[in-house]
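Working notes for the structure below.
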Amino acid sequence: MIAYRLLNAQTQPEFQEVPEPHAAPGQVLVKVGGSGLCHTDFTVISRDLSYWKDDPPPFTLGHEIAGWVEEVGAGVKNFKRGDAVAVNPSWASCGRCHMCRSGEENHCLYQ
């Protein structure tokens, strides 16, 4: 599978062959129909290596994704293969405040 990846800090991203992913328990695998690069991606590309303490590149860019459920992991009940989906692009939600717990991570009080 081809992905657009930032291989090193402050370098031009590249298309790269990556292994086919699979849905783990509690996850769905989305077959991407479209993905956009936005201001967040360009900010990420420009950060120097000191920013990436815990999760340095390489990683795949393009967090605004829509497509179809391709594979359903064990324990997933609300999705089936072929369902149309859009992925929540929030990267920095705390997961604990009342907004996050109510499914509104994009309104996280602490991000």
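The values are calculated or read from the model by the stated rules, or taken from the named source; none is laboratory data. These numbers come from a predicted model, not from an experiment. Cβ atoms come from the backbone with ideal geometry, glycine included; neighbour counts cover every protein chain shown. All accessible areas refer to the heavy atoms of the entire protein, side chains included, with ligands and DNA or RNA removed. Shrake-Rupley method; radii C 1.70, N 1.55, O 1.52, S 1.80 Å.
Things worth noting here:
- Extreme residue, nearest to L29 (Cα to Cα), among residues of the range 76-109 that are modelled with pLDDT under 95, in contact with an Asp or Glu (Cβ under 8 Å, 6 or more places away or on another chain) and surrounded by 12 or more Cβ atoms within 10 Å (Cβ to Cβ): V87
- Of all the listed residues (E17, E64), the sole one being closer than 15 Å to V87 by Cβ and either among the basic types (K, R) or open to solvent by 50 Å² or more (accessible area, probe 1.4 Å) (or both) is E64.
- Options Q10, Q27; residue that is among the polar types (S, T, N, Q) and touching a Ser or Thr at 6+ places or on another chain (Cβ under 7 Å): Q10
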